[in-house]
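A.B. asks: If you scroll down you'll find the structure; I have some questions about it.
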Amino acid sequence: MKIYLASGNLNKKREFSQILTNYTIVIPSDEGIIFEPEETGSTFHENSMIKALALWNIVHEPVIADDSGICVDALGGIPGVYSSRYAGPEFPRGAGDGKKIPQLEQNRLLIGQLNTILAKGVNTTRFPNGPRSCSYVCSMVLLLKPDRFFISQETMEGILASSIDEAAGTGGFGYDPIFFLPDHSRTAAQLTSEQKNLISHRGKAVKMLTAVLEKLEK
């Protein structure tokens, strides 16, 4: 069974293909489809639905779409849905010209923004993993047609590095090198693909939808 993935991210395609081994995962560029939906939602769920519907309206085939990002507790969830566009404390929703800055600079700026807030003595006692508590969030939609869809949303809990010098690992992508997993004593970027798929926000969300797919095929 072929499933379209509403993304142009080859890293995401790889992760989905590793988990959904019984399905053929196709991204728009594989078939020459121009796919650049405007993600105007204020939540991960809204953005995942925007992408799913936009691609379904082109292919009229089953679509999986996800929206994900990192949320830092002491920063009130910043950068959240703007993770890919984040450009520092002055531009948490992205620079005015719409250009994305390099990932290393995003990582550096996010650590710096958290360090600045913590230096002011913000109360962090309620956060699950202490002052530097953060989480990856993934909202995922399996869209069969506009009025028939299934949703799963999952998290992966962690701690943001205190310095860019603590960044470690070459696997994964995005903020993975500065996302420390206390239960595993390593960053998300230091996990193997197999390890990450078992515990990640995206891995857990897609597994929930895999169960749905298997039931639909019976």
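A.B. asks: Tell me, yes or no, whether the range 112-121 has at least one residue that is closer than 24 Å to Pro177 by Cα, hydrophobic (A, V, I, L, M, F, W, C), part of a helix (DSSP H, G or I) and open to solvent by less than 10 Å² (accessible area, probe 1.4 Å).
C.D. replies: Looking for residues that are closer than 24 Å to Pro177 by Cα, hydrophobic (A, V, I, L, M, F, W, C), part of a helix (DSSP H, G or I) and open to solvent by less than 10 Å² (accessible area, probe 1.4 Å), one finds at least one in the range 112-121, hence yes.
A.B. asks: Further, regarding this structure: Please give the number of the condition Pro102 fails out of (1) in contact (Cβ under 8 Å) with a residue 24 or more places away in the chain; (2) within 24 Å of Glu15 (Cα to Cα); (3) surrounded by fewer than 17 Cβ atoms within 10 Å (Cβ to Cβ).
C.D. replies: Tallying (1) in contact (Cβ under 8 Å) with a residue 24 or more places away in the chain; (2) within 24 Å of Glu15 (Cα to Cα); (3) surrounded by fewer than 17 Cβ atoms within 10 Å (Cβ to Cβ), Pro102 fails exactly one: (1).
A.B. asks: In the range 144-178, what residues are open to solvent by less than 60 Å² (accessible area, probe 1.4 Å) and of a type in the set (D, E, K, R)?
C.D. replies: Glu154, Asp176, listed by residue number.
A.B. asks: Identify all residues within the range 158-203 that are without any contact (Cβ under 8 Å) to a residue 12 or more places away in the chain and polar (S, T, N, Q); write none if there are none.
C.D. replies: Ser185, Gln195
A.B. asks: Now for a separate question. Residues in the range 19-36: is at least one in contact with a helix residue (DSSP H, G or I) (Cβ under 6 Å, 6 or more places away or on another chain), open to solvent by 30 Å² or more (accessible area, probe 1.4 Å) and closer than 17 Å to Met140 by Cα?
C.D. replies: Within the range 19-36, one or more residues are in contact with a helix residue (DSSP H, G or I) (Cβ under 6 Å, 6 or more places away or on another chain), open to solvent by 30 Å² or more (accessible area, probe 1.4 Å) and closer than 17 Å to Met140 by Cα.
Yes/no per residue for (1) closer than 22 Å to Phe91 by Cα; (2) part of a strand (DSSP E or B); (3) touching an Asp or Glu at 6+ places or on another chain (Cβ under 7 Å); (4) of a type outside the set (Val, Ile, Thr):
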{"site": "Asn123", "(1), (2), (3), (4)": "no, no, no, yes"}
{"site": "Phe127", "(1), (2), (3), (4)": "no, no, yes, yes"}
{"site": "Gly130", "(1), (2), (3), (4)": "no, no, no, yes"}
{"site": "Tyr136", "(1), (2), (3), (4)": "yes, yes, no, yes"}
{"site": "Ser139", "(1), (2), (3), (4)": "no, yes, yes, yes"}
{"site": "Leu143", "(1), (2), (3), (4)": "no, yes, no, yes"}
{"site": "Ser152", "(1), (2), (3), (4)": "no, yes, no, yes"}
{"site": "Ala168", "(1), (2), (3), (4)": "no, no, no, yes"}
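A.B. asks: Going through the range 1-31 one residue at a time, which ones are part of a loop (DSSP other than H, G, I, E, B) and modelled with pLDDT under 95?
C.D. replies: Met1, Ser7, Gly8, Asn9, Leu20, Thr21, Asn22, Tyr23, listed by residue number.
A.B. asks: Something else about it: Note down all Cβ pairs under 6 Å where the first residue falls in the range 146-157 and is in contact (Cβ under 8 Å) with a residue 60 or more places away in the chain, the second is surrounded by fewer than 17 Cβ atoms within 10 Å (Cβ to Cβ) and among the aliphatic types (A, V, I, L, M), and they're at least six residues apart or on different chains.
C.D. replies: Close Cβ pairs (under 6 Å, with a partner that is surrounded by fewer than 17 Cβ atoms within 10 Å (Cβ to Cβ) and among the aliphatic types (A, V, I, L, M)) amount to Phe150/Val212.
A.B. asks: Now for a different question. Please determine, by comparing only the residues of the range 173-218 that are of a type in the set (Lys, Arg) and either within 18 Å of the chain's Cα centre (by Cα) or in a helix (DSSP H, G or I) (or both), which one is modelled with the lowest pLDDT.
C.D. replies: Lys215
The values are calculated or read from the model by the stated rules, or taken from the named source; none is laboratory data. Treat the numbers as computed from the prediction; the structure is a model and nothing was measured. Using ideal geometry, Cβ is built from the backbone for each residue, glycine included, and neighbour counts are taken over all protein chains shown. Heads up: the accessible areas ignore ligands, DNA and RNA and are worked out on the full protein's heavy atoms, side chains in. Shrake-Rupley method; radii C 1.70, N 1.55, O 1.52, S 1.80 Å.
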